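Asker: Dumping the structure here so I can ask a few things about it.
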Amino acid sequence: MDVYEAVTSRRSVRGFKDKPVAREILERVLSAAAWSPSGSNIQPWNTYVMTGASLAELKTSAIERVAHGDPWDKRQYEMYPAALKPPYGERRSAFGKERYGALGIAREDWEARQRAAIANWNCFGAPAALFCYIDRDLGPPQWADVGMYLQTVMLLLRAEGLHSCPQMAWSQVRETVAEALSPPDGLILFCGMSIGYEDLAVSFARTGRAPLAETVTFVHDE
C-alpha cells in the first residue's frame with residue numbers, strides 16, 4: 001500500500017471484528033511511528049496500548065459508568081469552542097447528519113443516539129486500543145506534534161491492513177482510564193484510539209472533504 005492509498009483509505013471506522021491484533025504488528029507500527037516529527041525532537045507523546053482482559057475490563061467499567069448516567073470527568077482541554085463559527089460549525093453538523101443517517105437514526109431519536117455514543121466505550125468492538133497522553137506543561141506546538149504522531153500511527157495501521165478510530169470521547173471518562181493505566185501525575189489524556197480489522201457488515205457514511213480551493217491558497221509569481 002503506497003502513502004496515497006493509506007491516506008485516502010484511512011477513516012474513522014466504527015465497527016470492528018473481534019479478530020485479535022498481533023502484538024508484533026502493534027510493536028512494528030509504534031516503533032516506526034516514533035520517527036514522527038516533533039519540535040526539537042522532544043517527542044511529547046506518551047502511549048499506552050491495551051488488549052485482552054485488561055481492555056475488556058476497561059470497556060465494561062466505562063460502559064457501566066456511562067449507562068448509569070454518571071457525570072463526565074472535568075475536561076482538561078476544550079474539545080470544541082462553545083460556538084463554532086462558519087464554516088466549521090456547518091461541517092460538524094454535516095458530519096452528524098451523515099453519521100447518524102448511515103445508522104438509520106433520526107435526529108430526534110435521543111435514545112438511539114445515546115446507544116450509538118456508548119459504542120465509543122466498547123471501542124466499537126475493536127480488540128486493541130491505544131491511549132495517548134501529553135504532559136500538561138506542554139503547549140500548542142507540542143499538541144500539534146502529538147497529532148502528527150497519531151496520524152502516522154493511523155497510516156501505518158492501514159499499511160498493515162488495519163483500521164482505527166481516534167476518540168476524544170475517552171477524555172470524558174479519563175479517571176476510569178487512569179484507574180486502569182495508572183499514568184504518572186502531570187499527564188493529560190488526549191484521546192483513545194480503537195484498533196482492529198474492519199467489520200464490513202457495519203454501515204457507514206464516508207464523510208467528504210471541502211474543495212481544495214476552500215482550504216488551500218496557492219501564491220505564485222510569474
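The values are calculated or read from the model by the stated rules, or taken from the named source; none is laboratory data. Treat the numbers as computed from the prediction; the structure is a model and nothing was measured. Positions of Cβ are generated from backbone atoms using ideal geometry, with glycine treated the same way; all protein chains shown enter the neighbour counts. These area figures cover heavy atoms from the full protein model, side chains too; ligands, DNA and RNA do not enter into them. Shrake-Rupley method; radii C 1.70, N 1.55, O 1.52, S 1.80 Å.
Asker: Using modelled backbone amide H atoms (1.01 Å from N, in-plane), which distant-in-sequence or interchain residues come within less than 5 Å of Ile188's amide H?
Answerer: Ile134, Asp135, Arg136
Asker: Compute the Kirkwood hydrodynamic radius of the chain, taking the inverse of the mean of 1/r over all pairs of distinct Cα atoms, and give it in Å to one decimal.
Answerer: It works out to 18.9 Å.
Asker: Apply the a/c threshold of 1.5 to the C-alpha gyration tensor of the stretch 117-203 and tell me whether it is rounded, prolate or oblate.
Answerer: Oblate, because a/c is 1.5 or more while a/b does not exceed b/c.
Asker: If you plug each phi of the stretch 81-90 into the Karplus form 6.51 cos²θ - 1.76 cosθ + 1.60 with θ = phi - 60°, what whole-Hz ³J(HN,Hα) values come out, in order, with x for Gly and Pro?
Answerer: Per residue, the Karplus-derived 3J(HN,Hα) values read x, 4, 10, 8, 6, x, x, 5, x, 5 Hz.
Asker: Considering only Val219, Cys132, Thr8, whose Cα is most displaced toward the positive end of the charge dipole of the chain, charges sitting on Cβ of Lys, Arg (+1) and Asp, Glu (-1)?
Answerer: Thr8
Asker: Counting pairs of alpha carbon atoms under 8 Å apart in space and at least six apart in sequence, what relative contact order in percent does the chain give?
Answerer: Working: 274 pairs, mean separation 87.0, N = 222.
Relative CO of the chain lands at 39 percent.
Asker: Another question, if that's okay. So if I place +1 on the C-beta of Lys and Arg and -1 on the C-beta of Asp and Glu, and nothing else carries charge, what would the dipole magnitude of the chain be about its Cα centre? I want it in debye, nearest 20.
Answerer: The dipole of the chain has a size of about 540 debye.
Asker: Now a separate question. Name the shape class, rounded, prolate or oblate, that the alpha-carbon gyration tensor gives for the stretch 118-159, where a ≥ b ≥ c are the square roots of its eigenvalues, rounded holds for a/c under 1.5, and otherwise prolate holds if a/b is larger than b/c and oblate otherwise.
Answerer: Judged from the Cα gyration tensor, the stretch 118-159 comes out oblate (a/c at least 1.5, b/c at or above a/b).
Asker: Continuing with this model, one more query. Which value, in Å² rounded to 10, gives the accessible area of His220 with a 1.4 Å probe and all protein chains present?
Answerer: Approximately 140 Å² for this residue.
Asker: Between the stretch 8-22 and the stretch 160-176, what is the separation of their alpha carbon centroids in Å?
Answerer: Here the two parts' Cα centres lie 12 Å apart.
Asker: A follow-up question, please. For a quick check of understanding: with a 1.4 angstrom probe and all protein chains in place, what accessible area in square angstrom does Met154 have, to the nearest ten?
Answerer: Accessible area, nearest 10 Å²: 20 Å².
Asker: Still on this structure, I have one more. For the chain, what is the number of Lys pairs with C-alpha distance below 22 angstrom, counting only pairs 8 or more positions apart or on separate chains? Display every interim value, and only then the final one.
Answerer: Numbers: Lys17/Lys59; Lys19/Lys59; Lys59/Lys74; Lys85/Lys97.
Counting lysine pairs in the chain gives 4.
Asker: Between rounded, prolate and oblate, where does the stretch 1-103 land on the alpha carbon gyration tensor, with a ≥ b ≥ c its root eigenvalues, rounded for a/c under 1.5, else prolate if a/b exceeds b/c?
Answerer: Working: a/c = 1.40, a/b = 1.14, b/c = 1.22.
Rounded.
Asker: With a 1.4 Å probe and every protein chain left in place, work out the accessible area per residue of the chain in Å², rounded to a whole number.
Answerer: Counting only protein heavy atoms, the per-residue value for the chain is 60 Å².
Asker: How many times 2.2 N^0.38 Å is the alpha carbon radius of gyration of the stretch 28-82?
Answerer: The stretch 28-82 yields a ratio of 1.65.
Asker: While we're here: Along the charge dipole of the chain, pointing to its positive end and built from +1/-1 on Cβ of Lys, Arg, Asp and Glu, which listed residue (Ala32, Asn120, Tyr48) has its Cα farthest out?
Answerer: The residue sitting most towards the positive pole is Asn120.
Asker: Right, something else. For the stretch 182-222, which whole percent of the accessible surface, found with a 1.4 angstrom probe, sits on carbon and sulfur atoms?
Answerer: Working: 1610 of 2930 Å².
Within the stretch 182-222, the accessible surface is 55 percent carbon and sulfur.
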